[in-house]
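Visitor: First, the structure itself, so that you have it in front of you.
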Amino acid sequence: MSKAKRSAAFPWLNGRPTHLPCGPGDMPACALLPGDPDRVALAAALLDNSVDFGQRREFRAARGGWSGHPVGVCSTGIGGPSAEIAVVELANLGVDTVIRVGGMGALQADLPLGGFLIVDQAEGATGAAAAYGADGAVAAHAAVVEALAAAARTLGFAHRRGAVHTTDSYYWGQGRSARPDGAPPPHADLPAGLAARGVCGLDMEAQTVFAVAQALGLRAGAVLAVHGNRATDEWLEDYEDAQRNLIRLAATAAALLAKP
């Protein structure tokens with residue numbers, strides 16, 4: 001009997017992806033994408049009849065139900081390269097809609113800690129997004145943006161629509177010092193410059209998620225909770241409630257998108 005072999009060009013085996021801990025039939029059409037694997041368990045606790053598929057590296061996956069509709073959850077890890085892997089492998093498992101759910105550093109002083117931004121576009125110059133043809137800002141899918149806004153209104157969550165700037169670097173690349181008593185970083189003026197252009201926040205995945213989704217014919221969106229505010233220099237120490245509400249908001253949007 002011949003044994004199935006992987007192709008180095010597309011190293012799946014028997015329909016199962018190289019990195020994600022799930023296989024054919026496991027994930028529904030819409031998947032929520034937190035960065036942190038621990039937030040998959042938080043999401044699964046809110047969903048009905050959830051099933052945890054386990055974890056490989058930074059990728060943890062689960063599925064459950066919300067308002068009678070199936071919803072998947074898969075962590076991406078931090079940054080574009082691992083987010084690219086998650087979106088590509090989910091697409092090949094049959095997912096057609098992805099919604100990033102995560103945190104961001106707000107750039108506008110009037111965005112409160114724990115508040116929500118529905119991302120309508122993600123700009124930046126990230127390497128993984130560029131590999132999929134991104135050259136500057138990449139728009140979220142209009143239907144996903146509208147569903148997220150409708151979900152926020154239904155749940156009574158204050159929110160704003162706006163743009164984020166996605167980076168490959170958390171410290172110098174976002175204008176932070178790399179040491180607590182260090183000299184100002186080379187890009188110390190980045191947050192203020194972006195804020196002056198109306199950009200609402202900084203994150204590390206949205207541009208890649210949008211670019212990969214567009215290239216593969218998926219719908220993509222993002223809703224981000226304010227974990228810190230660079231304009232006011234405030235930091236949200238306990239953001240579990242914000243993360244739970246973020247999941248509720250995105251799952252409600254997923255259910256709206258599932259309706260004919």
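Just so it is clear, none of the values below were taken in a lab; they were calculated from the coordinates. Model, not experiment: these values are computed from the prediction. As a convention, Cβ positions derive from the backbone with ideal geometry for all residues, glycine included, and neighbour counts pool all protein chains shown.
Visitor: Please identify which residues in the stretch 179-208 have an amide N closer than 12 Å to a label point set 7 Å out from the Cα of Tyr171, following the Cα→Cβ vector.
Guide: Only 179-183, 185-186 fall inside the zone, counting backbone N under 12 Å.
Visitor: Using only the alpha carbons of the stretch 117-260, determine the length spanned along each of the three principal axes and report them from longest to shortest in whole angstroms.
Guide: So the three principal-axis extents are 55, 36, 24 Å.
Visitor: In addition: In nanometres, what is the gap between the two model label sites at Ser67 and Ser7, each 7 Å from Cα along Cα-to-Cβ?
Guide: For the pair Ser67/Ser7, the computed spacing is 4.0 nm.
Visitor: Measure nothing but the geometry: give the 0 to 90° angle between the long axis through the Cα atoms of 240-258 and the longest principal axis through the Cα atoms of the chain, rounded to 10°.
Guide: Roughly 50 degrees, rounded to the nearest 10.
Visitor: Report, in whole Å, the centroid distance computed from the Cα atoms of the stretch 108-127 and the stretch 142-202.
Guide: Answer, in whole Å: 4.
Visitor: Further, regarding this structure: Using only C-alpha positions, report the orientation-averaged shadow area of the convex hull of the chain, nm², one decimal.
Guide: Mean projected area for the chain: 15.0 nm², to one decimal.
Visitor: What's the local net charge at Ile78, with K and R +1, D and E -1, over the other residues with C-beta under 15 Å away?
Guide: In short, -2.
Visitor: Counting only other residues whose beta carbon sits under 9 Å from that of Cys200, what net charge do I get with K and R as +1, D and E as -1?
Guide: Neighbour charge sum, excluding Cys200 itself: +2.
Visitor: While we're on this one: Using 0.36 nm per residue, how much length does the chain from Arg56 to Thr232 gain when fully extended, once their Cα-Cα distance is taken away?
Guide: Value of the extension gain: 59.6 nm.
Visitor: By how many nm would the segment from Ile78 to Asp135 lengthen if fully extended, with 0.36 nm per residue of separation less the alpha-carbon distance?
Guide: Stretched out fully, the Ile78 to Asp135 stretch lengthens by 18.4 nm.
Visitor: Is it possible to state the helix-based mean residue ellipticity at 222 nm for the chain, with each DSSP H run of 4+ residues giving -39500 (n - 2.57), the sum divided by total residues, to the nearest 500 deg cm²/dmol? What is it?
Guide: About -9000 deg cm²/dmol.
Visitor: What does the charge add up to near Cys30, with Lys and Arg as +1, Asp and Glu as -1, over the other residues with Cβ less than 13 Å from its Cβ?
Guide: +3
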